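First up is the structure itself, then whatever we jot down about it.
Read the figures in this text as sums done on the coordinates, not as results from a lab. This is a predicted model, so every value here is computed, not measured. For neighbour counting, all protein chains shown are included, and Cβ atoms are generated from backbone atoms with ideal geometry for every residue, glycine included.
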Amino acid sequence: MKYAPLVLLLSLFLLAGCIQQQAEEATPQPETSTLEEEPHEEAGEAHEEATIVSEGVPSVTVVLKNFEFSPSNIDVEEGQIIEFKNEEGVHTVTISEAGHDEPLIDIELSSADSVLVKFNEAGSFDLKCRYHPNMVGKIVAL
Ligand SMILES: [Cu+2]
């Protein structure tokens, strides 16, 4: 056991590291404030701006047909649901924050499929189908 002293020393270092880390965690950190959280947000509600939901009554139905979203300019209120109903071909419902590439929602719909998307927060959103560059729309949640 000629390594025993080394192991002991290493353990002490690790232990010291743990204690230090705990001390840091216990210190209040004003940097991690809750700036992005909406004060009126209900507990347990999703933080994403838009989420796919399995049930709910849509306030608007958008039909995918003739290579377009109809209507393509959609206004909803915060908390409302849009139903996207594909009546022809295969398309995607791809929704991102206006001006952002990274989608919040990206789902493929076969013909006769539909999806419910709930808008949890106010904002402007770009709507598109990834397969057909001409299929675009705008969603505003107020
Ligand atoms: Cu399409």
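For the range 50-141, what proportion of DSSP beta bridges, expressed in % and rounded to the nearest 5, is antiparallel?
Working: 28 of 37 bridges.
If I count the DSSP bridges inside the range 50-141, around 75 percent turn out antiparallel.
Can you list the equivalent-ellipsoid semi-axes of the range 50-141, largest first and in whole Å, using the square root of 5 times each Cα gyration tensor eigenvalue?
On the way: eigenvalues 65, 45, 25 Å².
Semi-axes from the Cα gyration tensor: 18, 15, 11 Å.
How far apart, in nm, are two points set 7 Å out from the Cα along the Cα-to-Cβ line at E78 and at N134?
The modelled label-to-label distance comes out at 3.8 nm.
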